[in-house]
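Chemist: Below: one structure in structure tokens.
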């Protein structure tokens, strides 16, 4: 860590500025600071939220099963959702793991806990990385997939308050889902 960072008593990084609310939650409203926060680089939209919105749109246009296939539970469209989610988890979490822990692109700056990832007998699978992968792939991924499968089934069967089987006819609800 360099001399510009603040180190807490445990040896980890701590912000040297007071934590403040984002301009969207500040009253009275300050439009100039709000738009600066929203549109600056890096800001709220650029680069990460735009990246995740682009992934969502690409997945919806090219990988998402059609609503007509989701009327009944069948393994073909459910497996598409599962495999897509598996690919996304490996791609995104793997990217951040490689960037932050293997290549150490930020060195030890901004690291709340300066210790490297744990290994040894205190981890059931021998290392913190393997254990994190296990819980992500065998717990989070199936829950995410089941949630999405029931959501798609509900959309396909018009079980919600608004019809969303055709997003072109419901642009308000389509945009609302992003927020």
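This table checks each residue for (1) within 23 Å of the chain's Cα centre (by Cα); (2) in a helix (DSSP H, G or I); (3) loosely packed, with under 14 Cβ neighbours inside 10 Å.
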| residue | (1), (2), (3) |
| --- | --- |
| 97 | yes, yes, no |
| 125 | no, no, yes |
| 132 | yes, yes, no |
| 158 | no, no, yes |
| 168 | no, yes, yes |
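Chemist: Looking at 23, 42, 15, 65 in this structure, which one is at pLDDT below 90 and surrounded by 12 or more Cβ atoms within 10 Å (Cβ to Cβ)?
Modeler: 23
Chemist: Right, something else. Scan the range 99-122 for residues that are surrounded by fewer than 12 Cβ atoms within 10 Å (Cβ to Cβ) and in a helix (DSSP H, G or I) and report the count.
Modeler: 1
Chemist: Within the set of pairs 6 or more residues apart or between chains, which connect a residue that is not assigned by TED's automatic domain parsing to the domain that holds residue 58 and modelled with pLDDT under 95 inside the range 84-99 to a residue that is surrounded by fewer than 15 Cβ atoms within 10 Å (Cβ to Cβ) and not in a helix (DSSP H, G or I) with Cβ atoms less than 6 Å apart?
Modeler: Going by the 6 Å Cβ cut-off, the qualifying pairs are 99/105.
The values are calculated or read from the model by the stated rules, or taken from the named source; none is laboratory data. Small disclaimer: the values here were computed from a predicted structure and weren't measured. Methodologically, a virtual Cβ is constructed for each residue, glycine included, from the backbone with ideal geometry; neighbour enumeration extends over all protein chains shown.
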